[in-house]
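Presented below is the structure to which this report refers.
Readers should treat all values here as calculations from the given coordinates under stated rules, not as data from a laboratory. Source: prediction; values computed, not measured. When we count neighbours, we look across all protein chains shown, and the Cβ atoms used for this are built from the backbone with ideal geometry, even at glycine.
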Amino acid sequence: MSGSSGGERWPMRSKTRDGPTTPCNRIPIGRTCVESVMISAAIAETAPPRRPAAVFSAPVQAVGPDMIVPFGAGLVHGRADVGRLGNKGARLVEMAALGIPVPPGFVIAADAGRGLEAGEGLPAALRTRIDEAVRALERRADARFGDCDRPLLLSVRSGAAVSMPGMMDSILNLGLNDRTVAGLASSSGDARFAYDCYRRLVQCFGSVVMGVPGHRFEALLDEHKQELGIQRDGELTADDWRVLLPKFLRLVETRCGLPFPQDPAEQLRLAVAAVFRSWMNPRAVAFRALHDVPEDLGTAVTVQAMVFGNRGPESGTGVLFTRDPSTGSPGLCGEFLADAQGEDVVSGTCDPDPLSAAQPNPDRSMERRLPAVYAELRAVSTRLERAFADMQDIEFTVEGGRLFILQSRSGKRSTEAAVRIAVDMAEEGLISRDEAVRRVDPQLLEELLRPVLAPEALSAAIAAGLPASPGAVTGRAAFTTEDAVRLSGTGAPVILCRPETSPEDIHGMQAAAGIVTARGGFTSHAATVARGLGRACICGARDLRIDAEAGMMRIGDVTVRTGDLLTIDGGLGVLLLGAAPLRQQEPDGATARLLEWAGVCRVGG
């Protein structure tokens with residue numbers, strides 16, 4: 001126990017244990033598990049917890065009633081405090097007040113997580129507040145956390161005041177265990193869906209909280225699909241998931257020495273603590289250093305009722321931008337994946353379908369497949385862009401034909417897009433010309449003149465993908481983050497080529513001049529981070545066969561090895577072997593207008 005707080009100790013990304021057998025009708029939320037003390041002692045003998053940076057070791061704040069802010073239909077709080085609730089949490093509070101379809105939940109302020117060291121659990125007072133908030137959420141959601149007949153499942157997500165896409169942790173489907181999964185299967189009438197959710201929880205919780213490498217779960221899943229002769233997760237049946245789940249559970253116990261926790265209340269407490277502590281994980285620290293984000297902000301934690309995109313063909317999940325984040329062109333663009341949960345889209349491990357029929361492959365678009373939901377989504381997106389007066393990056397889920405908005409934030413964009421969006425919004429009357437000028441960093445304007453591929457070189461392309469972030473660059477091929485950093489250290493520009501990127505690749509992406517992925521779309525992690533870093537990027541180049549361990553990739557009959565020269569154009573989405581001719585861009589009309597306004601603003605200011 002922590003002497004000051006009375007809370008359980010739990011090392012970061014460590015082991016866990018289920019509580020004692022509890023009657024099926026109700027799992028008590030408020031109890032303190034004696035097992036957690038025993039677990040912590042066992043772990044302390046083998047893996048001493050890491051100490052976070054001193055700036056995050058401030059005394060734990062008093063847990064007042066304002067430390068937790070509920071949101072949902074009918075709850076109005078006024079303008080939310082982004083500094084305390086984070087961008088994600090504050091936006092959820094404000095969207096709910098606007099009547100946007102947001103799943104109900106509550107935000108735990110960033111203050112509550114300050115002082116949580118690597119081995120600390122949640123203070124007793126905070127646990128009590130969380131229990132009270134869960135009870136209130138149960139009433140709004142008409143379901144009960146830990147109930148076997150009508151289980152309420154929860155997500156726990158990070159969210160700082162400054163957007164840090166993919167750098168901290170989130171955990172979905174909390175509340176499932178060997179008993180409640182049967183209740184979910186019965187209440188939903190879909191056993192495949194229920195067992196898919198349970199395996200997702202074991203995989204995510206096992207990785208984030210218990211420290212099991214994620215690729216271990218993926219290896220078990222791939223092996224199972226190979227045995228069945230199938231390629232897609234969607235082809236697995238309920239019985240297939242029932243067979244695979246014990247393998248996932250055994251992996252957790254084998255790697256950690258302790259079983260996956262069966263007590264939903266324990267799952268929630270451990271998940272909240274782990275997400276608070278993810279502020280100090282290496283990729284988040286690296287991201288803040290790259291973007292000059294203050295270390296003392298901390299992250300808020302959002303706890304929200306789950307909605308499910310993996311409930312069949314009338315369900316799905318997606319990410320959209322209210323304007324093109326690469327070019328700034330008006331109109332919705334994004335990606336949608338039917339019968340899936342959100343991580344399937346942003347991770348880049350799946351190739352999603354287009355959102356709009358104006359995008360390539362229109363017959364597979366959400367607009368054609370779910371026209372009524374798409375029309376509602378378009379209307380909601382317009383409201384959000386006008387409410388927040390900026391291009392929005394929106395995450396959404398469709399469950400059984402019903403739309404839910406999970407997040408809306410100002411979207412990362414290229415410099416080209418930033419200029420056009422600022423100019424267009426000023427001309428549309430959403431912002432002033434003065435504000436348009438302020439929104440574009442003058443130091444980035446030189447990117448508008450960066451090279452693009454010469455037209456005569458286009459015929460030499462050996463692969464193509466989605467144009468995710470503009471610009472053309474020639475550099476040395478690297479297939480791991482380590483090689484990208486090493487080659488960059490010699491002064492050579494680098495092209496980082498990956499099957500898909502993950503937040504752990506942030507150092508390599510920073511070191512690279514260009515990024516190429518074989519999977520994922522332009523809303524994936526790779527695309528979002530590349531635009532934020534100003535890197536040329538191509539996603540979803542499906543012809544690439546990358547073998548990172550061997551330091552090579554194949555594109556048809558062509559073999560590219562670490563250090564070989566490549567050229568990419570992220571605006572055209574093409575890759576060429578060797579150094580290709582490039583040419584300088586000319587400033588477009590939007591740039592000229594912005595520079596004209598800047599002159600007027602300087603004279604008038």
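The sum of -39500 (n - 2.57) across all DSSP H runs of n ≥ 4, divided by the residue count of the chain, sets its helix-only mean residue ellipticity at 222 nm to -11000 deg cm²/dmol.
Give the peptides 516-525, 375-384, 83-92 in descending order of average Cβ contacts within 10 Å, highest first.
Working: 516-525: 27.3, 375-384: 17.1, 83-92: 25.6.
So the peptides 516-525, 375-384, 83-92, ranked by packing, come out 516-525, 83-92, 375-384.
The C-alpha atoms of the chain define a longest principal axis, and helix 282-291 lies at about 40 degrees to it. Between the listed residues ILE515, ILE538, VAL319, the Cα displaced farthest toward the positive end of the dipole of the chain, a dipole computed from Cβ unit charges relative to the Cα centre, is found at VAL319. Secondary structure note: in the chain, about 85% of the DSSP beta bridges are antiparallel.
I'm a student and want to see the number: the projected area of the Cα convex hull of region 317-410, averaged over all directions, in nm². Don't skip to the end; give the middle numbers.
Details: hull surface 22.4 nm².
With the hull built on Cα positions only, its mean projection is 5.6 nm².
For region 215-283, the Cβ-based charge dipole about the Cα centre amounts to some 400 debye (Lys, Arg positive; Asp, Glu negative; other atoms uncharged). State the label only: which of (i) 39, 28, 25; (ii) 47, 28, 22; (iii) 75, 38, 18 corresponds to semi-axes √(5λ) of the Cα gyration tensor in Å computed from the shown model? Answer by label: (i).
Each peptide in 331-342, 545-556, 255-266 receives the mean, over its residues, of other Cβ atoms within 10 Å, and ordering these scores from highest gives 331-342, 255-266, 545-556.
Charges were assigned to the Cβ only: +1 to each Lys and Arg, -1 to each Asp and Glu. The resulting dipole of the chain about its Cα centre is roughly 940 debye.
Computed from Cα positions, the angle between helix 238-256 and the longest principal axis of the chain comes to roughly 80 degrees.
How do 395-401, 98-104 rank on mean C-beta neighbours within 10 Å, highest first? Before the final figure, lay out the partial values.
Numbers: 395-401: 19.6, 98-104: 18.0.
The peptides rank, most packed first, as 395-401, 98-104.
Normalising the average separation of contacting C-alpha pairs (under 8 angstrom, six or more residues apart) by the number of residues puts the relative contact order of the chain at 13 percent. Neighbour counts of other Cβ atoms within 10 Å put PHE388, PHE205 in the fewest-to-most order PHE388, PHE205.
Taking 7 Å steps out from each Cα toward its Cβ at ASP543 and SER188 produces label points 4.0 nm apart.
Relative to the Cα centre, the charge distribution of region 317-410, modelled as +1 at Lys and Arg Cβ and -1 at Asp and Glu Cβ, gives a dipole magnitude of about 400 debye.
Note on THR128 and THR382: the extension gain reaches 87.5 nm, defined as 0.36 nm multiplied by sequence separation minus the Cα-Cα distance. Between helix 264-277 and the chain there is an angle of about 40 degrees, using the helix long axis and the longest principal axis of the Cα atoms. Which is farthest toward the positive dipole end of region 90-222 among VAL202, LEU137, GLY183, measuring Cα position about the Cα centre, with Cβ charges +1 (Lys, Arg) and -1 (Asp, Glu)? Checked the options; the winner is LEU137. Once Lys and Arg get +1 and Asp and Glu get -1 on their Cβ, which of THR528, MET552, LEU566 lies farthest toward the positive end of the dipole of region 522-570? Checking the options against the dipole of region 522-570, the answer is THR528.
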